[in-house]
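Single-structure report; data block below.
The values are calculated or read from the model by the stated rules, or taken from the named source; none is laboratory data. No experiment lies behind these values; they were computed from the predicted model shown. Reconstructed Cβ throughout: ideal geometry from the backbone, glycine too, with neighbour counts over all protein chains shown.
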Amino acid sequence: MQGQGALVQAVLPETNGGYNPYNGILVSDIVGDANGPFASPYASVTLRNDAQVDAHVYSIEANHNQCEADFVGSAPIEIVAGQTRPIAFRIACIPPAVGRGPLRVTFKYHLGDVQLTRLIFAYALPPVRDLYAPQKTTFMHPGGMVSYAVLRPPSLNAHCDAGSNVSAPVLLALHGAGLEAYSDIVRHALDELPDLCAWTLFPTGVTPWSGDDWHTWGFADVEAAIAAIPDWIRQVSWEGPGVDVDRWLVTGHSNGGQGVWYTLTHRPDKIIAAAALSGYSSIQNYVPYTLWRTADPAKTAVVQSAMNNYRHELLLENVKGVPILQQHGEKDDNVPPYHSRLLSQLIEQAGAVSNYFELPGEPHWWDGVMTTEPLKHFLRQHLNTGGPVIDKAPINLRAFTVVSAGQGTVAKHGIEIQQLLNPGQVGKLHVEYDPLTLACFISVSNVQSFRIPPWFQHCEFIDIRGQRLAEMPVSETSGTVLTKHKNGTWLYISPGPTPPPRQGRQLGALDAILGTRGAFHITHLSPAAQHVALQVSRNLCQYFGADTTIIDDYHEAKAANGSNLITIAIGTDLPATPDSAITFLDSRLEIKDEHYYSGLHAYPATNHLAAVWLRSLPDERLELVVWGADEEGLEIAARLVPLMTGTGQPDFVLADQTMLWKGLEGTLALGYFDVWWEVSKNSYFT
């Protein structure tokens with residue numbers, strides 16, 4: 001299995017002193033000269049336990065008398081039999097770090113209950129990069145493992161304003177599918193533009209496939225990479241222009257071009273300009289869903305709505321006011337130019353503007369695709385002139401719209417949609433300012449709560465669909481949250497009612513589980529479920545480069561700080577929780593539904609019944625239950641763990657073995673939980 005970066009995993013053998021010459025360490029480049037520092041102290045080695053018993057890695061050492069290494073987390077680190085884990089650590093060396101040969105890291109571990117110390121070695125020879133060259137720098141992904149990006153600081157030729165307080169924006173360049181950010185084709189893609197006043201950043205998205213197409217998992221990597229730039233500045237004692245981590249110019253090619261649309265529609269308040277190159281409009285337009293097995297359109301509607309967060313065509317009102325360049329090759333047979341032509345038309349219909357360049361005779365990729373003349377002009381125009389200042393208040397208080405598909409928050413001019421009424425349906429806020437009365441008018445569609453920024457205090461009054469609000473509470477920085485009461489009126493949260501419990505990282509469809517803060521905790525509640533827990537762990541590592549902790553103590557896993565929990569259970573093994581709408585009782589799975597006449601849907605535990613669903617944990621954490629009525633049902637349920645974008649899993653899915661040949665039509669129930677963790681009215685039940 002390919003690990004992070006160019007890393008190939010090391011194997012923990014049952015014999016002592018295991019070594020594979022192809023093993024490697026994910027480590028930063030050395031900056032400046034041979035005596036320079038690492039770009040970042042974070043490093044990682046991916047270890048696989050091929051023994052028949054669990055391994056405990058309890059110690060790490062680097063080159064003797066030259067380097068020191070210590071684990072990022074606590075030790076010992078358990079790697080169960082058959083599991084693969086990325087091991088994160090910090091490293092520091094007396095320069096020159098590799099002057100006496102390769103960097104070597106030694107792990108000490110025990111197998112099973114035997115206290116015999118065993119060793120495994122990993123090696124790396126990080127290159128030395130000029131201070132101004134594109135270089136590998138590492139950082140901690142929110143999922144608890146080390147990731148990397150390629151960073152190019154502003155060069156000596158950068159056209160930045162004079163002065164010691166200059167802060168340059170981030171030029172975010174997203175790679176296409178299957179590419180390593182450290183490869184020459186990516187790292188040197190913008191070498192023709194050394195004059196840009198920007199911190200050029202090529203994120204990985206954790207894997208060459210950008211995790212999940214620059215969405216939940218991959219985009220968390222992007223934001224962590226941006227947040228790590230100030231750490232690089234301190235690490236190498238940089239004396240050039242500073243960085244403004246809240247101003248981005250985003251560009252990308254192919255899948256990275258699609259990532260541009262995701263970034264632009266989900267973080268419009270941070271974007272000073274955007275350039276989408278040969279990108280597809282959305283996965284729904286790129287993937288032939290017509291080849292799926294025929295299913296009840298009501299089921300199909302739920303699955304399609306679960307992907308609204310990635311259906312950029314629905315979210316384009318968010319891009320209004322942002323300069324956009326589109327570029328596509330006329331002869332592109334990978335991502336046909338139809339995608340860019342469509343988005344160009346839809347952007348205009350949304351009241352926004354883009355400049356579209358379709359280059360005659362050009363295919364999907366060609367040398368210089370990232371530095372065409374229109375693109376070079378666009379980048380210089382928006383980076384070398386200081387760029388527009390992002391004002392949280394709309395210019396001249398013109399009317400604008402904020403659109404959200406419900407996964408997390410989307411902010412435009414500081415107004416942030418936080419919760420939707422009906423999941424699976426987009427929510428909208430339309431804001432208008434009346435210059436005669438100095439009033440702010442807000443029309444709302446499918447929104448449960450939203451935040452208004454401090455500049456709303458300048459409104460003479462605020463009107464939401466005819467309801468004139470009381471005076472806005474004073475807030476200097478964070479703004480004020482409004483929530484819709486069950487009687488239909490809008491109230492300020494503080495002082496006011498307690499907001500609905502499903503918030504922040506808990507929002508979205510089943511793939512919201514990917515918003516973990518720390519390694520996933522996977523717990524299996526019986527020996528029969530252990531192999532499924534291991535397979536889920538392997539898949540998360542394979543598809544996302546994710547770290548997982550596998551344990552058999554449910555309460556210990558549930559108490560893990562920050563981490564999301566994946567519970568693997570068979571039948572009555574699953575502990576009930578009082579606030580869950582789904583429970584297993586008396587040989588049947590029950591789903592409470594206030595919108596159903598009897599208030600309950602019941603499904604007998606026959607035909608290898610299988611289900612996955614989300615449950616709430618404290619501090620915006622989530623639990624993903626993977627459940628089967630029997631062992632065969634559990635293996636069916638494991639197929640529904642969200643691993644690939646485009647499959648469209650809502651908050652819960654219930655199926656039996658007919659799903660194996662019927663596909664979606666083999667599901668028995670699927671749908672959403674609203675912000676109160678109750679089954680939503682647009683769910684489907686047989």
**Item:** Residue ID - farthest from Glu620 (Cα to Cα), chosen from residues in the range 405-414 that are surrounded by 24 or more Cβ atoms within 10 Å (Cβ to Cβ) and touching a Leu at 6+ places or on another chain (Cβ under 7 Å)
**Value:** Ala405
**Prompt:** Residues in the range 483-491: is at least one modelled with pLDDT under 95, outside any loop (DSSP other than H, G, I, E, B) and touching a Phe, Trp or Tyr at 6+ places or on another chain (Cβ under 8 Å)?
**Reply:** yes
**Request:** Output the number of residues of the range 465-495 satisfying the condition of being among the aliphatic types (A, V, I, L, M), within 34 Å of the chain's Cα centre (by Cα) and more than 19 Å from Ile417 (Cβ to Cβ).
**Result:** 1
**Only listed residue being buried (at least 19 other Cβ atoms within 10 Å of the Cβ), basic (Lys, Arg) and over 31 Å from the mean Cα position of the chain (by Cα), chosen from Arg118, Arg100, Arg129, Arg152** = Arg118
**Request:** Give just the number: which of (1) of a type outside the set (Asp, Glu); (2) crowded, with 24+ Cβ neighbours inside 10 Å; (3) touching a Leu at 6+ places or on another chain (Cβ under 8 Å) does Tyr123 not satisfy?
**Result:** (2)
**Message:** Just checking, does the range 376-392 include any residue being surrounded by fewer than 18 Cβ atoms within 10 Å (Cβ to Cβ), modelled with pLDDT of 95 or more, touching a Lys or Arg at 6+ places or on another chain (Cβ under 9 Å) and not charged (D, E, K, R)?
**Reply:** no
**Message:** Could you check the range 613-646 and list, in sequence order, the residues that are in a loop (DSSP other than H, G, I, E, B) and either without any contact (Cβ under 8 Å) to a residue 60 or more places away in the chain or closer than 23 Å to Tyr603 by Cα (or both)?
**Reply:** Pro618, Asp619, Ala629, Asp630, Arg639, Leu640, Val641
**Item:** Pick from the range 242-277, criterion farther than 23 Å from Gly406 by Cβ and among the β-branched types (Val, Ile, Thr), ranking: surrounded by the fewest Cβ atoms within 10 Å (Cβ to Cβ)
**Value:** Val245
**Request:** Would you mind finding the one in Ala560, Ala546 that is assigned to a loop (DSSP other than H, G, I, E, B), touching a Leu at 6+ places or on another chain (Cβ under 8 Å), over 20 Å from Ala629 (Cα atoms) and not assigned by TED's automatic domain parsing to the domain that holds Ala88?
**Result:** Ala546
**Residues of the range 497-539 that turn out to be of a type in the set (A, V, I, L, M) and touching a Lys or Arg at 6+ places or on another chain (Cβ under 9 Å), as a count** = 2
**Asked** Given the structure, is Ala439 without any contact (Cβ under 8 Å) to a residue 24 or more places away in the chain and farther than 25 Å from Ser616 by Cβ?
**Response** no
**Message:** I'd like the full set of residues that are of a type in the set (Ser, Thr, Tyr) and in a helix (DSSP H, G or I), limited to the range 494-539.
**Reply:** Ser537
**Complete:** Note: among Gly663, Gly648, Gly633, Gly628, just one is surrounded by 21 or more Cβ atoms within 10 Å (Cβ to Cβ), under 23 Å from Asp212 (Cβ atoms) and under 31 Å from the mean Cα position of the chain (by Cα), namely Gly648
**Only one of His601, His608 that is surrounded by 14 or more Cβ atoms within 10 Å (Cβ to Cβ), part of a loop (DSSP other than H, G, I, E, B) and either in the same structural domain as Lys681 (by TED's automatic domain parsing) or not aliphatic (A, V, I, L, M) (or both)** = His608
**Prompt:** Are any of the residues in the range 158-169 under 24 Å from the mean Cα position of the chain (by Cα), crowded, with 19+ Cβ neighbours inside 10 Å and in contact (Cβ under 8 Å) with a residue 12 or more places away in the chain?
**Reply:** yes
